[in-house]
There are 2 protein chains.
Amino acid sequence: MDEGVLPSWNDGSIRTAIVDFVTKVTKQGSADFVPPPERIAVFDNDGTLWAEWPLFVQIYFALDRLGELANADPSMRDKQPYKAFLEHDLKTIANFSRKDALLPAMATHAGVTEEDFAATVDRWFASAKHPKLGRAFTDCAYRPQRELLDYLRANGFKTFIVTGGGVDFVRRIAGQLYGVPPEQVVGSSLKAHFETFGGTVTVRKLAEIGSFDDREEKVVNIVLHIGRRPIFAFGNSDGDLAMLRYTLAGEGARLGMLLHHDDAEREFAYDRAFRVSPLGEALDQAAALGIQVVGMKENWKTIF
Amino acid sequence: MDEGVLPSWNDGSIRTAIVDFVTKVTKQGSADFVPPPERIAVFDNDGTLWAEWPLFVQIYFALDRLGELANADPSMRDKQPYKAFLEHDLKTIANFSRKDALLPAMATHAGVTEEDFAATVDRWFASAKHPKLGRAFTDCAYRPQRELLDYLRANGFKTFIVTGGGVDFVRRIAGQLYGVPPEQVVGSSLKAHFETFGGTVTVRKLAEIGSFDDREEKVVNIVLHIGRRPIFAFGNSDGDLAMLRYTLAGEGARLGMLLHHDDAEREFAYDRAFRVSPLGEALDQAAALGIQVVGMKENWKTIF
């Protein structure tokens, strides 16, 4: 095994499984060889590439931004899921479904042009801090996963993010944090409208969900955006189960992994009880489906 | 000017405009320098990268395939736009709107899994011939455009196809013909459904349009799929005007081009009268918008 790669991963069956898989599919003439263009790897984002507990990063963004929208549309103040955000009622939000938790975040984009939204997100990331981890949100990405993305790319993989989060939000940090360009981020999106005024030609988002990129929809979007079946998938919740199954059901060598947040000391410990992003069904089926469960505590030397 | 590049392009203002643009945006330290990740180039397909007259390639595919569908659903035989296809009434088809001309082609995908559709398309391309050009459809791509795609990529551009054609259809030939991988093809698509049976996990298309990738929708899809404003766009019809405008409206150096089919001897000559894919409005506005009109006759040494 190459000792230089994946330095933040502890030796053990998981690190071995990754290195063996990559060695196998990149070895010319091997029965498991996969040509570089077919080496498609997909990663969930929240809870897989960066911290998602107690609330998704994008939810913190919405908490900071939704007040402005409510000034324009005061009816929001009495309507869930917006009410809980406007009252900063974190306990209620943590018990929302994933969709209710993400809808208000998507709403911050509605009626805004691409360019204005991008500028707002950039400004927010420049100063906002994770309240539990006490660090900039841009420092909440997991070091072992950044190494894994680099390692895969160094071996001819094309790496994609397939996230339930808003695609335009995640694209603003995917390059800096993960080395993934905007066109390789697939996510939830609003419908949008082409618009011209004066010399400006732009796209403005509408207040209507185009795609909520979760569970089975992740697979539909992989087909629509990527157009080939991945050979590697990494997730952390039941929302990633369909994508893992789709990846593993293809022919030839495959690897599917689930991150298990079991490290209360260095990060957080949670799984099926986390309503916004539960890991239950997928954990129960992992062994039968051949999905490798990656315990943070055992497998990661460092987290950030 | 580098004499080795674009050998199938005649010397002249168009070839000079392309080489000057590429030189400018790739020159470190120049005011027009664009870093490689932002060098996004978008190309229409039908009529821009390969022949579209008298009918789109995908329409010939539908002509050959639709009979099977009509056996399952005989009501198609009395219903336009399907009726004209089933009767091989090419004259009526040529007067359809672009949407009516492409709908029956999309219908051949409905109810079919990704894998089965891909196999059907591959089989068809292996033997079908263009009735007017007398050559395999896979030999109907324009040599000058293949050189242009190569030239852009050699200069750090990432090349995308943004087509009104069905995305799954075009993806089957985009690698072989244009060196563009499936994940860099954006096109029209049907809604789809995640499906499992036995050990199979796949996606089956539904008989409902998800996106018809034409005119303003091309720009909405560029934002959704690519997530950045292109700096180079090449089209050939009014369906590409919005995409050209969006490209040219960005800051810094930009290049937008329209192919004009004016070569009846070596290919075909047509523009605004071609109902399925007219070039009228865009031709009229080209000068004012700074779009370069590329006459095939004058600018291309060879076509195929």
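The values are calculated or read from the model by the stated rules, or taken from the named source; none is laboratory data. Small disclaimer: the values here were computed from a predicted structure and weren't measured. Cβ coordinates were reconstructed from backbone atoms using ideal geometry, including for glycine residues, and neighbour counts include every protein chain displayed. Note: areas computed on protein heavy atoms with side chains; ligands, DNA, RNA excluded. Shrake-Rupley method; radii C 1.70, N 1.55, O 1.52, S 1.80 Å.
Worth pointing out:
- Most to least accessible of A:His88, A:His261 (protein chains only, probe 1.4 Å): A:His88, A:His261
- In chain A, the beta-carbon sitting nearest the axis that superposes A on B belongs to the residue given here with its distance in angstrom, A:His225, 3.
- At a threshold of 50 Å², the residues of region A:159-190 that become less accessible to a 1.4 Å probe in the full protein assembly than in their chain on its own are A:Arg171, A:Glu183.
- Normalised per residue, the accessible area of region B:1-126 is 42 Å², obtained with a 1.4 Å probe and no contribution from ligands, DNA or RNA.
- Centroid-to-centroid, using Cα positions, region A:57-98 and region B:51-113 are 48 Å apart.
- Placing +1 on each Lys and Arg Cβ and -1 on each Asp and Glu Cβ, with no other charges, gives region B:104-200 a dipole about its Cα centre of roughly 460 debye.
- Other copies of B:Gly179: label-to-label distances in nm, shortest first, labels 7 Å along the beta-carbon direction: 2.4
- Rolling a 1.4 Å probe over the protein heavy atoms of the protein assembly as shown, with every protein chain left in place, gives an accessible area that is 48 percent carbon and sulfur.
- Remark: label point of B:Arg135 defined 7 Å out from Cα along the Cα-Cβ vector; separations to the same position in other copies 5.8 nm, ascending.
- For A:Leu133, the shell of other residues with beta-carbons less than 11 Å away shows a net charge of +2, using +1 for Lys and Arg and -1 for Asp and Glu.
- Partner lysines whose Cα lies under 17 Å from the Cα of B:Lys79, excluding those fewer than 8 positions away in the same chain, are identified as B:Lys91, B:Lys99.
- Calculated mean residue ellipticity, 222 nm, chain B: -11000 deg cm²/dmol, from DSSP H runs (n ≥ 4) at -39500 (n - 2.57) each, averaged per residue and rounded to 500.
- Proximal lysines to A:Lys27, defined as alpha-carbon separation beneath 26 angstrom and excluding residues fewer than eight positions away on the same chain: A:Lys158
- Convex hull of region A:54-101 built on C-alpha atoms - directionally averaged projected area, nm²: 3.0 nm²
- Fraction of beta bridges assigned by DSSP in the protein assembly as shown that are antiparallel (%, nearest 5): 40 percent
- Using the 1.4 Å probe convention, the accessible area of region B:178-304 works out to 36 Å² per residue with neighbouring protein chains retained.
- Inter-centroid distance (Cα atoms) of region B:139-178 relative to region A:206-271, Å: 30 Å
- Proportion of all alpha-carbon pairs of the protein assembly as shown beyond 33 Å (%): 48 percent
- Here B:Glu147 yields copy-to-copy label distances, from shortest upward, of 4.9 nm, the label point defined as 7 Å from Cα along Cα to C-beta.
- Contact surface B-A: accessible area buried, both sides summed, square angstrom, 1.4 angstrom probe: 2800 Å²
- Once C-alpha pairs closer than 8 Å and six or more residues apart are averaged by separation and normalised to the residue number of chain B, the relative contact order reads 23 percent.
- Residue with peak Gaussian network fluctuation, chain B [Cα springs, cutoff 10 Å], from B:Phe169, B:Phe56, B:Phe197: B:Phe197
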